[in-house]
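Visitor: Quick one: structure below, then a few questions.
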Amino acid sequence: MAKLASAFVSRLVIIIPYAWLLFFFLIPFFIVFRISLSQTAVAMPPYMPVFDLAGGLSGIAQKLREFSLDNYVWLTEDALYFNAYVSSVVIAAISTFLTLLIGYPIAYGMAKAPRSLRPTLLMMVILPFWTSFLIRVYAWIAILKPEGLLNQFLSTLGLIDQPLIILNTNWAIYIGIVYSYLPFMVLPIYSALEKMDLSLTEAAQDLGCTPAAAFWRVTFPLSLPGVVAGCLLVFIPAVGEFVIPDLLGGSETLMIGKTLWSEFNSNRDWPVSSAVAIILLMILVIPIVYFQNIQAKADGEGR
């Protein structure tokens, strides 16, 4: 009985994540993919369904003849979507780089702090999550607008004569993304640095390395798994970000999240918006697969 119970528990542990993946990823993905192969219609829902199970096998066979890749072809013909994808990737990449520049020193300082102080520092990093994401983004409007707190502060110090135009620019988007996603960069890097054996850097310095050389030759390479994980945790949601570009970037900002929202809600073109979402997902899958391959190679070399 004990063996049967143990086997059942082990299988249950495996089944739960697969069930989660099935119900919250694969099934929604199939629904969106099915809509992307449909044609727009003046109806509710506003598309002609394909792979319809209501008519049985004969209905499915008939609907299979009706699906088309016209929506994907349309995305390649309209430069708006290509520019939106490129702009989203560029903004997300720059924001990820800036987040890494700020987040790594924070994580390094936390890892070097006394053990009694680390829980407090960790709580301070997580503290912004206790406030609504939307409220935090709205707060940056009051800070960055021409008559906002930042311009008032710089003007009081005599550093500027005219208000800086930051709101409704890409700089405002960078600030919003870096502020919002900084904990996602700090936490995995801190986790990697905290586990590192400090005697390795001491040994490198005993062998003649300067502190800076020991950092780049020992500390940073050992923290790379945390760096890669943090970059993915920031880059992936930043590519499809909608709230920050919409509130801080203004109407002129071109990102795929805003384009997707416009197609889905304003134009009521569900098939095209579904095709946009599918291509966006494919773009995001590439860095995930790349990271998994790096991790697999690292684990293989470690053994």
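FYI, it's all coordinate maths here, none of it is from the lab. Note that the structure is a prediction, hence the values are computed from the model and not measured.
Visitor: Which cross-chain or sequence-distant (5 or more) residues have an amide H under 5 Å from the amide H of GLN39, H modelled 1.01 Å from N in plane?
Guide: MET48
Visitor: Still on this structure, please answer the following. Considering just Cα atoms, how many Å³ per residue does the convex hull of the range 125-225 enclose?
Guide: Convex hull volume per residue, Cα atoms: 157 Å³.
Visitor: What's log10 of I(q)/I(0) for the chain at q = 0.06, 0.07, 0.08, 0.16 Å⁻¹, Debye sum over Cα points only, no solvent?
Guide: -0.31, -0.42, -0.54, -1.33
Visitor: Right, something else. Hey, could you grab the Kirkwood Rh for the range 162-303? Inverse mean 1/r over distinct alpha carbon pairs, Å, one decimal.
Guide: By the Kirkwood definition, the hydrodynamic radius is 18.2 Å.
Visitor: Over all distinct Cα pairs, what is the inverse of the mean 1/r for the range 165-220, reported as the Kirkwood hydrodynamic radius in Å?
Guide: Final number for the Kirkwood radius of the range 165-220 is 13.8 Å.
Visitor: Which Rg and Dmax, in Å, describe the Cα atoms of the range 89-164?
Guide: 16.7, 46
Visitor: Can you show me the helix-derived [θ] at 222 nm for the chain, built from DSSP H runs with n ≥ 4 at -39,500 (n - 2.57) apiece and divided by the number of residues, rounded to the nearest 500.
Guide: -22000 deg cm²/dmol
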